[in-house]
Amino acid sequence: MAISLTQQEKQILRAISIPPRPEALVQFSQETKSPEPNINKITQILQSDVAISAAILQVVNSAAFRRSKEIESLEQAIMILGLKRLIPLVKAVAVKATVETPPALENFWQDQSDIAQLCSTLCLKLNKPGLSNHAYMLGLFHTVGIPLLCVHFDDYTEVIDVAKTDGWSKATEFEFGKYNTSHATIGALLAQQWKLPKPMINVIYYQHDANGIFRSGELDGIALELLSVLKLARHGNFLFKNTATIENDHEWQTISDEVLDFVNMSEEELDELYSALEST
């Protein structure tokens with residue numbers, strides 16, 4: 001699937017600054033693709049970017065990774081996680097370290113980190129451990145278009161206000177009506193530029209246009225699995241942080257039946273899962 005852009009979006013994108021991949025991430029990707037990756041060289045590359053290396057250590061010591069003993073160095077992190085788990089993690093934290101976050105989004109990355117951790121945990125609970133690392137990266141990356149647009153448009157706080165009162169499904173409609181583009185499109189373009197896996201790019205692009213997507217054939221099986229985990233994580237995050245009832249999560253209401261059918265779970269089983277996660 002190619003990302004479809006209107007002429008108005010193309011005009012906007014000429015003015016929006018989509019950050020290039022950090023040099024450390026470029027070198028890291030090149031080294032990990034070599035026939036025999038050099039762990040010492042990989043460590044040196046990551047250490048050259050203080051923001052990325054600090055973010056990696058913060059994440060590997062978070063609840064999502066549940067280590068009994070704190071990891072104190074990048075060398076430890078690489079040895080314990082292994083390259084297969086490290087690669088998506090580095091890409092995920094690089095965006096957090098690179099994208100400017102305006103004051104209006106003071107708690108933005110904390111919220112995305114919570115969703116990312118839920119994505120990772122849900123993969124384990126749903127017996128999809130192989131998706132865990134990429135689900136974490138998706139959870140942290142999927143709304144990256146929000147700070148990019150917030151920096152570009154002085155009045156983007158209006159969109160954020162709608163999101164706070166009516167949720168991001170309504171806010172996305174308002175966003176597109178106001179700017180003729182959406183954070184989903186901008187986020188997908190950044191993910192494409194950063195060479196993230198194609199299923200992840202597609203999920204970011206369709207995240208708020210997902211009604212009927214499970215039957216449409218637009219997304220492959222891996223993308224649908226990632227989308228279902230993301231929607232479950234976003235809904236769980238909503239429930240854990242709001243006293244409002246489930247009916248107030250409009251995004252979940254539009255997609256819940258399809259997600260639950262896809263993961264073969266009843267509403268009662270989902271409630272039990274969320275209760276177990278909230279108590280841990």
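Observations on the model:
- Here the range 196-254 is the region considered, the condition is being among the hydroxyl-bearing types (Ser, Thr, Tyr) and assigned to a helix (DSSP H, G or I), and the residue that is surrounded by the fewest Cβ atoms within 10 Å (Cβ to Cβ) is SER216.
- The set of residues in the range 71-83 that are open to solvent by 50 Å² or more (accessible area, probe 1.4 Å) and at pLDDT 80 or above comprises GLU72, GLU75, GLN76, MET79.
- Test result for GLY187, more than 22 Å from LEU124 (Cα to Cα) and either surrounded by 21 or more Cβ atoms within 10 Å (Cβ to Cβ) or not assigned by the TED database to the domain that holds ILE160 (or both): yes
- Filtering the range 150-191 to residues that are among the hydrophobic types (A, V, I, L, M, F, W, C), farther than 20 Å from GLN253 by Cβ and assigned to a helix (DSSP H, G or I) leaves CYS150, VAL151, VAL159, ILE160, ILE186, ALA188, LEU189, LEU190, ALA191.
- Within the range 203-220, at least one residue is farther than 30 Å from VAL26 by Cβ and of a type in the set (Ser, Thr, Tyr).
- In the range 256-274, the qualifying residues are those that are more than 17 Å from GLY212 (Cβ to Cβ) and open to solvent by 70 Å² or more (accessible area, probe 1.4 Å), and the one that is farthest from the chain's Cα centre (by Cα) is GLU268.
- Residue satisfying condition, being surrounded by 14 or more Cβ atoms within 10 Å (Cβ to Cβ) and modelled with pLDDT under 85, within set ILE115, ILE87: ILE87
- Exclusive hit being under 18 Å from the mean Cα position of the chain (by Cα), at pLDDT below 80 and aromatic (Phe, Trp, Tyr), set PHE141, PHE65: PHE65
The values are calculated or read from the model by the stated rules, or taken from the named source; none is laboratory data. This structure is a prediction, so every number in the text was calculated from the model and none was measured. Cβ atoms come from the backbone with ideal geometry, glycine included; neighbour counts cover every protein chain shown. Areas reflect the complete protein model, heavy atoms only, side chains present, ligands, DNA and RNA absent. Shrake-Rupley method; radii C 1.70, N 1.55, O 1.52, S 1.80 Å.
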